[in-house]
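Chemist: Got a structure for you, questions after.
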Amino acid sequence: MIFKVLVLLAVICTAWATESDVLVFTDDDFSSRINEHDTVLVMFYAPWCGHCKKLKPEYEKAAGVVKEHDPPIMFAKVDCTEGGKETCNKFGVTGYPTLKIFKDGEVNKEYGGPRDADGIIKYMKSQVGPSSKELTSSQVHKDFIGKPEVGVVGYFEGDSSMKSSFLKLADKLREKVRFGHVLDKATLEEAKYKDNIVLYRPKHLHNKFEPNFVVYDGEANKDSLEKWITNNYHGLVGHRTRDTVQDFKNPLIVAYYGVDYTRNPKGTNYWRNRILKVAKSFADEFSFAISAKDDFQHELNEFGYDYVPGDKPVVFARNAEGQKFVMKDEFSIENFEKFLTELKDGKLEPYLKSEPIPEDNSGPVKIAVAKNFDEIVTDNGKDTLIEFYAPWCGHCKKLAPVYDELGQKMADEDVEIVKMDASNNDVPPPYEVRGFPTLYWAPKDDKANPVKYEGGRDLDDFVKYIAQRASSELKGFDRKGKAKKEEL
């Protein structure tokens, strides 16, 4: 019993200590207290907000780390429902949580970084101090390039166009890339670089298939330097995380397995090295990456996998057109090389996530799936209104009876009313679906350029829209959507 009480007290004390790292501002003291600190990240929140509750522990964890940074970064919060209403209105807060970075008491910018503790820490550290850290001694230099993340270092004896381009690029990319520069003569002599720029890869990603660092050999041009960093930043086989997804472009090969450089770096590199061995022969055709299978379950689902059994990677690919391909054989160096060769030679069939084609599709609203999309939509020879929906979507359920009635209204017209479950079928280009329901109007003579429907959701709204845009005037409605009178 005593042990339980002590544990409970320890937990409570830890929570208090963590929460105390986040300052609490109100309308009464915001203006005065915000000026007490050089850099403050402020979270404007509402206690009932689910996203705020999810962010809270990550925010508090990050606050305890960055307050010790040099220079220190403070975190604060303002309750927009009590005590901070006027402040939230003053800074245009309309949703929760809203995060803003203040410098010298004034809004500097909206926070645009990750929402996990490590991501918040990295992002905020990039916001303070110089964009490139001066490495003033040999030890500081060694410490900088020894950190577990990419570092780009410029070595300069004096002022030059290369140094100017480097520092300008550091200002531009400070949120994404860690920059440092050396001016100290002894460190320059030790490093044996002068007016050079070097990209250092973190030690845990070192391997025998590519160099541990890359020396820039281009012009003293900011754009050329940026392109060089982009091309070399992740190496031959990059560690693709939720925060770096946008860095990896198609055509892309991704191996999904238990990637974990914190708890299992040796096991992680065991498989990465096998991927590297094959990837080096295909580097001109594809980009390569590894991803933690638990962090990308949604992508596994897109390729028809509910989970990845065992320790071996599963390999998925997308070509330049975005088509998907699955390596069906169990992972081995030989099977991986065979898969890439056949993909390169265009011998593989794209993977298509699709429900079965309906046995009966005679209803007034036609059902499209990925396998019959061309037949039902693209090649049907009719103007088409198509709804992309998800079975669990409340707005879709509300729309369903209206959409069915619309199908009946258009049953005798040269117009097809179609729906597709976009959560269980691949949506073909040029259609883009980012929420449900999403509707498109596809004219029969221009199916390559469908138009997103932005109108109302009532039956009359749909009828008027179709009547105005139909390739030929409807039989039952005039161009304004009014029902035509039947002739006696």
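The values are calculated or read from the model by the stated rules, or taken from the named source; none is laboratory data. The shown structure was predicted, so the numbers you read here are calculated from the model rather than taken from an experiment. So basically every Cβ, Gly included, is an ideal-geometry build from the backbone, and we count neighbours across all protein chains shown. Only protein heavy atoms, including side chains, enter the accessible area calculation; ligands, DNA and RNA are left aside. Shrake-Rupley method; radii C 1.70, N 1.55, O 1.52, S 1.80 Å.
Chemist: Restricted to the stretch 13-26, and to residues that are open to solvent by less than 50 Å² (accessible area, probe 1.4 Å) and not β-branched (Val, Ile, Thr), which residue is modelled with the lowest pLDDT? Working first, answer last.
Modeler: Narrowing the stretch 13-26 to residues open to solvent by less than 50 Å² (accessible area, probe 1.4 Å): 15, 18, 21-23, 25-26.
Narrowing further to those that are not β-branched (Val, Ile, Thr): 15, 21, 23, 25.
Numbers: Ala15: 36, Asp21: 89, Leu23: 95, Phe25: 96.
Filtering the stretch 13-26 for residues that are open to solvent by less than 50 Å² (accessible area, probe 1.4 Å) and not β-branched (Val, Ile, Thr), the one modelled with the lowest pLDDT comes out as Ala15.
Chemist: Being of a type in the set (D, E, K, R), surrounded by 15 or more Cβ atoms within 10 Å (Cβ to Cβ) and more than 24 Å from Ala470 (Cα to Cα) is the filter here, so list the residues in the stretch 352-388 that pass it.
Modeler: Taking the stretch 352-388 first, the residues of a type in the set (D, E, K, R) are 353, 355, 359-360, 366, 371, 374-375, 379, 382-383, 387.
Imposing the further condition that a residue be surrounded by 15 or more Cβ atoms within 10 Å (Cβ to Cβ) reduces the set to 353, 355, 366, 371, 382-383, 387.
Lys353, Glu355, Lys371, listed by residue number.
Chemist: Also: Which residues, taken from the stretch 41-80, are within 22 Å of Thr26 (Cβ to Cβ), touching a residue at least 24 places away in the same chain (Cβ under 8 Å) and charged (D, E, K, R)?
Modeler: Matches in the stretch 41-80: Glu60, Lys67, Lys77, Asp79.
Chemist: Just name the residue that is farthest from Val254 (Cα to Cα) out of those in the stretch 298-323 that are of a type outside the set (Phe, Trp, Tyr), crowded, with 17+ Cβ neighbours inside 10 Å and in contact with a helix residue (DSSP H, G or I) (Cβ under 8 Å, 6 or more places away or on another chain).
Modeler: Val308
Chemist: Also, quick follow-up: Answer yes if at least one residue in the stretch 65-79 is modelled with pLDDT of 95 or more, surrounded by fewer than 19 Cβ atoms within 10 Å (Cβ to Cβ), in a loop (DSSP other than H, G, I, E, B) and not acidic (Asp, Glu), and no otherwise.
Modeler: Looking through the stretch 65-79, none of the residues is modelled with pLDDT of 95 or more, surrounded by fewer than 19 Cβ atoms within 10 Å (Cβ to Cβ), in a loop (DSSP other than H, G, I, E, B) and not acidic (Asp, Glu).
Chemist: Test of understanding: among Glu330, Glu299, which residue is more than 27 Å from Ala422 (Cα to Cα) and either assigned to a loop (DSSP other than H, G, I, E, B) or not hydroxyl-bearing (Ser, Thr, Tyr) (or both)?
Modeler: Numbers: Glu299 fails: more than 27 Å from Ala422 (Cα to Cα).
Of the residues listed, the single one that is more than 27 Å from Ala422 (Cα to Cα) and either assigned to a loop (DSSP other than H, G, I, E, B) or not hydroxyl-bearing (Ser, Thr, Tyr) (or both) is Glu330.
Chemist: Looking at (1) assigned to a helix (DSSP H, G or I); (2) of a type outside the set (Lys, Arg); (3) surrounded by fewer than 19 Cβ atoms within 10 Å (Cβ to Cβ), can you tell me which one Leu276 breaks?
Modeler: (3)
Chemist: Considering the stretch 214-252 alone, what residues qualify as being touching a strand residue (DSSP E or B) at 6+ places or on another chain (Cβ under 7 Å), in contact (Cβ under 8 Å) with a residue 40 or more places away in the chain and open to solvent by 60 Å² or more (accessible area, probe 1.4 Å)?
Modeler: Answer for the stretch 214-252, where residues must be touching a strand residue (DSSP E or B) at 6+ places or on another chain (Cβ under 7 Å), in contact (Cβ under 8 Å) with a residue 40 or more places away in the chain and open to solvent by 60 Å² or more (accessible area, probe 1.4 Å): just Asn250.
Chemist: Would you check which residues across the stretch 283-296 are crowded, with 18+ Cβ neighbours inside 10 Å and out of contact with any Pro (no Cβ under 6 Å at 6 or more places or on another chain) and list them? Give the steps one after another, and end with the answer.
Modeler: Within the stretch 283-296, the first condition is being crowded, with 18+ Cβ neighbours inside 10 Å, and the residues that meet it are 286-293, 296.
Across the stretch 283-296, the qualifying residues are Ser287, Phe288, Ala289, Ile290, Ser291, Ala292, Lys293, Phe296.
Chemist: Moving on to the next point. Go through (1) closer than 24 Å to Glu149 by Cβ; (2) open to solvent by less than 70 Å² (accessible area, probe 1.4 Å) and name the single condition Lys61 misses.
Modeler: (2)
Chemist: Separate question: Does Thr262 satisfy being open to solvent by 60 Å² or more (accessible area, probe 1.4 Å) and within 23 Å of the chain's Cα centre (by Cα)? Spell out how you get there, then give the answer.
Modeler: Details: open to solvent by 60 Å² or more (accessible area, probe 1.4 Å): yes; within 23 Å of the chain's Cα centre (by Cα): yes.
Criteria met by Thr262.
Chemist: I would also like to ask the following. State all residues of the stretch 98-110 that are open to solvent by less than 20 Å² (accessible area, probe 1.4 Å) and either among the charged types (D, E, K, R) or touching a Phe, Trp or Tyr at 6+ places or on another chain (Cβ under 8 Å) (or both); if no residue qualifies, say none. First the steps, then the outcome.
Modeler: Restricting attention to the stretch 98-110, the residues satisfying the condition of being open to solvent by less than 20 Å² (accessible area, probe 1.4 Å) are 99-102, 105.
Within the stretch 98-110, Leu99, Lys100, Ile101 meet the criteria.
Per-residue answers, yes or no, for (1) touching a Gly at 6+ places or on another chain (Cβ under 7 Å); (2) open to solvent by 20 Å² or more (accessible area, probe 1.4 Å):
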{"site": "Ala390", "(1), (2)": "no, no"}
{"site": "Gly394", "(1), (2)": "no, yes"}
{"site": "Lys398", "(1), (2)": "no, yes"}
{"site": "Ile417", "(1), (2)": "yes, no"}
{"site": "Asn424", "(1), (2)": "no, yes"}
{"site": "Val427", "(1), (2)": "no, yes"}
{"site": "Leu439", "(1), (2)": "no, no"}
{"site": "Pro443", "(1), (2)": "no, yes"}
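Chemist: If a residue has to be among the charged types (D, E, K, R) and outside any helix (DSSP H, G or I) to count, how many in the stretch 80-101 make the cut? If you could, list the steps in order and put the result at the bottom.
Modeler: Filtering the stretch 80-101 for residues among the charged types (D, E, K, R) gives 82, 85-86, 90, 100.
Okay, now just the ones that are also outside any helix (DSSP H, G or I), so 82, 100.
Number satisfying all stated conditions: 2.
Chemist: How many of the residues making up the stretch 166-192 are touching a Gly at 6+ places or on another chain (Cβ under 9 Å), open to solvent by less than 50 Å² (accessible area, probe 1.4 Å) and either over 23 Å from Val128 (Cβ atoms) or charged (D, E, K, R) (or both)?
Modeler: Start the filter on the stretch 166-192 by keeping residues that are touching a Gly at 6+ places or on another chain (Cβ under 9 Å), which leaves 166-167, 170, 175, 177-183.
Next cut, open to solvent by less than 50 Å² (accessible area, probe 1.4 Å) only: 166, 170, 177-182.
Next, from what is left, pick out any that are either over 23 Å from Val128 (Cβ atoms) or charged (D, E, K, R) (or both): 178.
Selection size over the stretch 166-192: 1.
Chemist: Could you please tell me which pairs satisfy a Cβ distance under 6 Å, a separation of 6+ or placement on different chains, a first residue in the stretch 287-311 that is under 20 Å from Leu205 (Cα atoms) and aliphatic (A, V, I, L, M), and a second residue that is open to solvent by 10 Å² or more (accessible area, probe 1.4 Å) and in a loop (DSSP other than H, G, I, E, B)?
Modeler: Pairs that qualify, where the first residue is under 20 Å from Leu205 (Cα atoms) and aliphatic (A, V, I, L, M) and the partner is open to solvent by 10 Å² or more (accessible area, probe 1.4 Å) and in a loop (DSSP other than H, G, I, E, B), are Ala289/Arg240; Ala289/Phe248; Ile290/Val259; Ala292/Val259.
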